[in-house]
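Every number here is computed from the coordinates shown, using simple stated rules; none is lab data. The structure displayed is predicted, hence computed values, not measured ones. A quick note on method: Cβ atoms are made from the backbone with ideal geometry, for glycine too, and the neighbour counts reach across all protein chains shown.
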Amino acid sequence: MRASTSGTAASPTGELGGVLSLGENGKLTVFFLRGGKRILSGSTPQLEPAENPHHRVLELAGTANWERADRHLYVVELRPEVFERERNFFEANLHWLPGKLCLYVGVTGLTPEERFRAHLRGEHAAWIVQRYGRRLLPECYQHFNPLPYALAQEMEPELARQLRSDGHAVWQN
């Protein structure tokens, strides 16, 4: 079933989300930019209309075919020497806060674990992960997965942007 967007909402903490559907017993399905797809019941805090309702990711979330959600975001922690050894990485992350992580963000049709192993083996690998990949960071992506293809393609740069705004150094193809 395709859900249609009924509007854009913000949680009491200001997190922006798009309403996907209203289900039985007043359950509301919302896709949050930072929290992924969530089902809220009547006992959860009220949502308020968002002041800036137009966001490409939220529009896609509302029109996506969630029955075909077969893509996964993933985040790989990179060894910190990438910041010192790779000029392109340094130049892409001038606002990095020392002490924060160096990261790679990707999207795959495999599981994140399978994709990470493929990177390390050099199979269709992002050079930066093959050289500097340390480990997966599921706490950064698991709440989004799985996603429909088009939404995953839009969420990859959005997640990279979010992580950069949190002070991390991020590489994303």
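Expressed as a rounded percentage, what relative contact order does the range 68-172 have, with Cα pairs under 8 Å and six or more residues apart?
47 percent
Which order do 95, 143, 119 fall in if you start with the one that has the fewest other Cβ atoms within 10 Å?
Numbers: 95 10, 143 14, 119 23.
Going from sparsest to densest Cβ surroundings: 95, 143, 119.
For a quick check: sort 21, 41 by the number of other beta carbons within 10 angstrom, fewest at the front. Intermediate values should be presented prior to the final figure.
On the way: 21 17, 41 10.
Sorted ascending by nearby Cβ count, the order is 41, 21.
What whole-number distance in Å separates the alpha-carbon centres of the range 127-173 and the range 88-111?
With the range 127-173 and the range 88-111 each reduced to a Cα centre, they are spaced 8 Å.
For 128, 39, what's the fewest-to-most ordering of other Cβ within 10 Å of each Cβ?
39, 128
Modelled label-to-label distance, residue 110 and residue 59, 7 Å Cα→beta-carbon offset: nm?
Distance between the two pseudo-spin positions: 3.4 nm.
Tell me the volume per residue, in Å³, of the convex hull enclosing the alpha carbons of the range 68-172. Before the final figure, lay out each step's value.
Values: hull volume 9.4 nm³, N = 105.
Each residue corresponds to 90 Å³ of Cα convex hull volume.
Applying 1/(1 + (r/R0)^6) with R0 = 22 Å to the Cβ-Cβ distance of residue 100 and residue 131, what FRET efficiency is obtained, to the nearest 0.05? Before the final figure, lay out each step's value.
On the way: r = 20 Å, r/R0 = 0.90.
Given R0 = 22 Å and the Cβ-Cβ separation, E is 0.65.
Using the Cβ atoms and a cut-off under 11 Å, what net charge is assigned to the surroundings of residue 81, where Lys and Arg are +1 and Asp and Glu are -1? Mind dumping the intermediate values first?
Working: positive: 79, 85, 131, 134; negative: 84, 86.
Net charge in that neighbourhood comes out at +2.
Roughly how many nanometres apart are two label points built 7 Å out from the Cα toward the Cβ at residue 34 and residue 149?
3.2 nm
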